[in-house]
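Shown next, in structure tokens, is the structure this report addresses.
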Amino acid sequence: MKKSGAAEKKKARRSSAAVQNGSRDQSSFIPPRKQAAKKDVFQCFAEKVRDHKDLESRWAILQETRVEYFRGKDFVSFMKNHPELKDILESDRNLETEDIANSLLQKNLLVRCDRVVKTLRPGKKKLSTWPAHLEIFPEQVFSENDAFFAWTFVTRRPLWQTLLSFFWPVLTLAICLFPVYPHRCKLLILYSCAGVLLLILTVLLLRAAIFGAAWIILGKRVWFFPNILAEEATLRELFRFWPKKDEEVRPKWTARLFYAVVAVLVILLLKHHAPDEAARARYQKRMSNIIDDVLEWSPSLALSGMIEKQTVVNATESNDNSTESKATSETIFSADETGSLEESDQHHNDTVG
């Protein structure tokens, strides 16, 4: 009896211990979805590096896709200047820069690219520092020598882009409602748009004139606002004022002399065929009439114009109807008169006979 009681106590202790262990295991168990929800440290590191201002990057076209990329040597120098970013990697913070880059390549956060144009263009001494078109490199291994790396993930949109996405439909609706604006608002919008357009044309013509004069006189290529017409430039690079350093071969004096003669001939030709004052006045009057028609339009005028047009149409139709009825009555009267004359002649002939 004692042995059976002791055995029962041991079984009860074992079952209670098993229940406690099972509850501990269940509490420490994390579902797969919750484990997947935990963000990868390399993903966080990549987002932090991409948003950092000290890492120089550009935009290019990679297989018909616009991507942001950087150079391998710039990444190495960036990591040397900012070693505190390695703390994001937690247990992998002691990895070398090359190992970190290779880990980003393995996790498909980066892709190594190569320039599409690999031959020197005529008149250039070296290849472009930041190519505009890229292709995927066969070996996805980090390198510093003429290697480019593009980010493969999409960054979070900043607040101003979100607000801009809501602003564009409002702007489109405002443009469509331009004809019903008050006259002062129309004038303000007209002069503002004309001023911006004039500023753009002035800047383009001025930079072209400076480039032509410097190229002909000094033999140097000087482009102020060098990225103003670039398709792959960012907003910060688009309005950079200072020109780039001229790295191309100095042009020959014969070519400079030829283009100088061509420029003088073009200026003389334009001066000879310039419109006179009468033609300019006619053109200005025509354009002012078009602008006045646009600015002075309003729904009330449009409705009154439609009513006047309908009144004129109705009056014209009534006049046409009256004219037709009058012509019809005259025709009937002439036919009746002709019939009566014929009857009188017949009666006279019968009497004589």
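The values are calculated or read from the model by the stated rules, or taken from the named source; none is laboratory data. All of these numbers come straight from a predicted model, not from anything done at the bench. Here the Cβ is made from the backbone with ideal geometry for all residues, glycine too, and neighbour counts use every protein chain on show.
Numbers below:
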{"quantity": "Contacts under 8 angstrom Cβ, first residue in region 73-85 being within 13 Å of S57 (Cβ to Cβ) and among the hydrophobic types (A, V, I, L, M, F, W, C), partner at pLDDT below 90 and surrounded by fewer than 14 Cβ atoms within 10 Å (Cβ to Cβ), 6 or more apart", "calculated": "F78/H52; F78/D54"}
{"quantity": "Cβ pairs under 7 Å, 6+ apart, first in region 55-68 and free of Cβ contacts under 8 Å to residues at least 40 places away in the same chain, second part of a strand (DSSP E or B)", "calculated": "L55/F70; E56/F70; S57/E68; S57/Y69; S57/F70"}
{"quantity": "Of residues in region 58-76 being crowded, with 18+ Cβ neighbours inside 10 Å and either assigned to a loop (DSSP other than H, G, I, E, B) or among the charged types (D, E, K, R) (or both), the one modelled with the lowest pLDDT", "calculated": "R58"}
{"quantity": "Verdict on S103 being closer than 25 Å to R156 by Cβ and within 29 Å of the chain's Cα centre (by Cα)", "calculated": "no"}
{"quantity": "When residues of region 222-266 are limited to those that are of a type in the set (D, E, K, R) and at pLDDT 85 or above, the one surrounded by the most Cβ atoms within 10 Å (Cβ to Cβ)", "calculated": "R256"}
{"quantity": "Odd one out for M287 among (1) of a type in the set (A, V, I, L, M); (2) at pLDDT 80 or above; (3) surrounded by 10 or more Cβ atoms within 10 Å (Cβ to Cβ)", "calculated": "(2)"}
{"quantity": "Output for region 154-182, where each listed residue is surrounded by 10 or more Cβ atoms within 10 Å (Cβ to Cβ) and over 21 Å from the mean Cα position of the chain (by Cα)", "calculated": "F178, P179, V180, Y181"}
{"quantity": "Single unsatisfied condition, I136 versus (1) modelled with pLDDT of 90 or more; (2) surrounded by 15 or more Cβ atoms within 10 Å (Cβ to Cβ)", "calculated": "(2)"}
{"quantity": "Options V180, V203, V222: the member that is of a type in the set (V, I, T) and more than 26 Å from R256 (Cβ to Cβ)", "calculated": "V180"}
